[in-house]
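Asker: Okay, handing you the structure first.
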Amino acid sequence: TTERIKAFLSHNWSVPRWKKLVALIFHFNMDVASCGSALFTFLLAIWTAAGSLPFVDDGAYGRSGFFIRLLVVPIFFILLFFTRDLGRVFGFYGPLVFLDKACIIQVDARAQRAAILKLGAFLAKSDQMIVIYSNVYLKKLWTVYEVASFLALHPVDRMKVVPVTQAIVFVFGPLIFYIFNIGNLVLVATSNLYLLGYAIGLVCGCGGMYVLRTWARDRILIQSRLSEFDVHECICFLEADRPVVYGNIATLMKASRAVHRHASEDEALGAFNALVQSILPNAFDRALGQRYFQLKHYLLFGLFANGAAALDYTCSEIARDEVPRKVLGTFLLNSFLAASVWPLTMMLMEVVTSRFLHLQGWRERLFMFFAFLFGIVTPFVLVLGCASALAEEVVDSNWALAAMLLIHAVFFTLTAVVGSGRRGCCMRAPQTVVGDRGSGLSLGGPEGSSSVEAEEVD
């Protein structure tokens, strides 16, 4: 037993297990995997600069290292998927979480029903709720009840929404960059077909535009579903559970004084509809934030897209004892691309894909084509061309160096400002359920007890 639970995992049983696993890996392991892969990248950079690793012919860059591009993504994936297993070897365990299938007995119907009736205990004793969001989440009775109950007990900043599509894109996005970088490296080293790599990049960019536009429509759909919510239209995985959930909802509404303690079940359900319609739209909007990804995610994408190659090139020039100003020019150019241009390009894609959502059919495809060509590709090519020209002049020109440093500072500041533009999660539900014996909301366990069972994340 435990007095507190780190997180309550709210999910739908109908969503495939692998999607939910990816979402949980993204939420719990991403920071560790990012820091670990960054540290490993730093070590590889030192070995490359010292000339301890082999070089290959890399076209215009001459002979350069390749181990950073070769290993950084595989190391990231190893840490992402096996961090908890590696931690257990050294005695480090994950946070305690509530997962219904693990924490509620599934083989004894009587014990299962008793645990379900005491679900308020787990919600009250959870520090955070992790919503594994899919397109069916707001259609299911159980999950809407869970999130509404949690927000009646806790402030909104304790709810984290993890869309399964977002997690899948982030987890497998680095794989696309890896294929692009390694494929481009092989093409440059063995033939003159290096432009094929950029063609592949354009195709991947179109795929990213489609994903972001789909998400922009999903966000509107979330608001629509919540503002028109009706508990009677929700789907229940087991229809026999519907009376149980309705009873829990009635208890919640009476305990929060949304209805009189002698109110009928229909009155309580009506109050629950009003609660969901008034609180959840703003709560989900705040929990999701303004950006599809956070700034740290975009910077990590920049590392995978161009940062690894940048370090390979820069460290190779150090190992070849190139002129220091040339090394500086190479570093400024590639770090500019990795830390500013790539993140800003992906943020710009978010902005573009969220416009003119009313368009359908050929008009939408035409808009997306011109938006991608002139709103994304053209600015990217122009900025890349200007930065490359300045980087070549850095060796002999002080003004070029000053201009490069100024552009670097301006664009990195812009990236930080735009990327951190997320709404603060400070809203609190207007009514708070008091979780004690006198409130009418049962917190589980023996009378007066607040201990609940929890499952450990491995």
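Asker: Any idea which residue in segment 84-138 is farthest from ILE168 (Cα to Cα), counting only those that are of a type in the set (Lys, Arg) and assigned to a helix (DSSP H, G or I)? Spell out how you get there, then give the answer.
Answerer: Of segment 84-138, the ones of a type in the set (Lys, Arg) are 84, 88, 101, 110, 113, 118, 125.
Remaining after also requiring assigned to a helix (DSSP H, G or I): 84, 88, 101, 110, 113.
Values: ARG84: 19, ARG88: 25, LYS101: 23, ARG110: 38, ARG113: 34 Å.
Per the stated criteria, the residue is ARG110.
Asker: All but one of (1) modelled with pLDDT of 85 or more; (2) within 31 Å of the chain's Cα centre (by Cα) hold for CYS386; which doesn't?
Answerer: (2)
Asker: Restrict the check to segment 153-173 and report whether at least one residue is at pLDDT below 90, hydrophobic (A, V, I, L, M, F, W, C) and within 22 Å of SER278 (Cβ to Cβ).
Answerer: Yes, the conditions are met somewhere in segment 153-173.
Asker: Considering only residues that are part of a loop (DSSP other than H, G, I, E, B), farther than 30 Å from ASN184 by Cα and either out of contact with any Ser or Thr (no Cβ under 7 Å at 6 or more places or on another chain) or open to solvent by less than 70 Å² (accessible area, probe 1.4 Å) (or both), which ones fall in segment 1-60?
Answerer: The answer is ARG4, LYS6, HIS11, ASN12, TRP13, SER14, VAL15, PRO16.
Asker: Okay, next question. Name the residue that is surrounded by the most Cβ atoms within 10 Å (Cβ to Cβ), counting only residues in segment 399-420 that are among the polar types (S, T, N, Q) and modelled with pLDDT of 85 or more. Before the answer, list the steps.
Answerer: Pass one, segment 399-420, residues among the polar types (S, T, N, Q): 413, 415, 420.
If we keep only those that are modelled with pLDDT of 85 or more as well, we get 413, 415.
Details: THR413: 11, THR415: 21.
Within segment 399-420, the match that is surrounded by the most Cβ atoms within 10 Å (Cβ to Cβ) is THR415.
Asker: Scan VAL231, VAL244 and give me the residue that is out of contact with any His (no Cβ under 7 Å at 6 or more places or on another chain), under 30 Å from ALA109 (Cα atoms) and buried (at least 19 other Cβ atoms within 10 Å of the Cβ).
Answerer: Result of the check over VAL231, VAL244: VAL231.
Asker: For segment 155-176, enumerate the residues that are farther than 29 Å from GLY208 by Cβ and open to solvent by less than 10 Å² (accessible area, probe 1.4 Å).
Answerer: Selection gives VAL156 alone.
Asker: Follow-up. Which condition breaks for ARG257 when tested against (1) open to solvent by less than 50 Å² (accessible area, probe 1.4 Å); (2) out of contact with any strand residue (DSSP E or B) (no Cβ under 7 Å at 6 or more places or on another chain); (3) in contact (Cβ under 8 Å) with a residue 24 or more places away in the chain?
Answerer: (1)
Asker: State whether one or more residues within segment 293-315 are over 23 Å from LEU53 (Cα atoms), outside any helix (DSSP H, G or I), touching a residue at least 24 places away in the same chain (Cβ under 8 Å) and open to solvent by 40 Å² or more (accessible area, probe 1.4 Å).
Answerer: Checked against the condition, which is being over 23 Å from LEU53 (Cα atoms), outside any helix (DSSP H, G or I), touching a residue at least 24 places away in the same chain (Cβ under 8 Å) and open to solvent by 40 Å² or more (accessible area, probe 1.4 Å), segment 293-315 yields at least one hit.
Asker: Now, a different point. For segment 136-146, does any single residue satisfy the condition of being in contact with a strand residue (DSSP E or B) (Cβ under 6 Å, 6 or more places away or on another chain), among the hydrophobic types (A, V, I, L, M, F, W, C) and under 30 Å from GLY247 (Cα atoms)?
Answerer: Checked against the condition, which is being in contact with a strand residue (DSSP E or B) (Cβ under 6 Å, 6 or more places away or on another chain), among the hydrophobic types (A, V, I, L, M, F, W, C) and under 30 Å from GLY247 (Cα atoms), segment 136-146 yields no hits at all.
Asker: Can you name every residue in segment 249-292 that is under 21 Å from ILE132 (Cβ atoms) and either over 35 Å from the mean Cα position of the chain (by Cα) or outside any loop (DSSP other than H, G, I, E, B) (or both)?
Answerer: Within segment 249-292, VAL276, ILE279, LEU280, PRO281, ASN282, ALA283, PHE284, ASP285, ARG286, ALA287, LEU288 meet the criteria.
Asker: Check whether at least one residue in segment 21-36 is over 17 Å from the mean Cα position of the chain (by Cα) and closer than 18 Å to ALA308 by Cβ, and report yes or no. First the steps, then the outcome.
Answerer: Restricting attention to segment 21-36, the residues satisfying the condition of being over 17 Å from the mean Cα position of the chain (by Cα) are 36.
Adding the requirement that they be closer than 18 Å to ALA308 by Cβ leaves 36.
Within segment 21-36 (the criterion being over 17 Å from the mean Cα position of the chain (by Cα) and closer than 18 Å to ALA308 by Cβ), the answer is yes, since at least one residue qualifies.
Asker: Assess whether VAL381 counts as being surrounded by fewer than 18 Cβ atoms within 10 Å (Cβ to Cβ), in a helix (DSSP H, G or I) and in contact with a Leu (Cβ under 9 Å, 6 or more places away or on another chain).
Answerer: The answer is no for VAL381.
The values are calculated or read from the model by the stated rules, or taken from the named source; none is laboratory data. Fair warning: this is a prediction, and the values are worked out from it, not measured in the lab. In this analysis, Cβ positions are derived from the backbone assuming ideal geometry, glycine residues included, and neighbour counts consider all displayed protein chains. Each accessible area value is taken on the protein alone, full model and side chains, heavy atoms only, with ligands, DNA and RNA left out. Shrake-Rupley method; radii C 1.70, N 1.55, O 1.52, S 1.80 Å.
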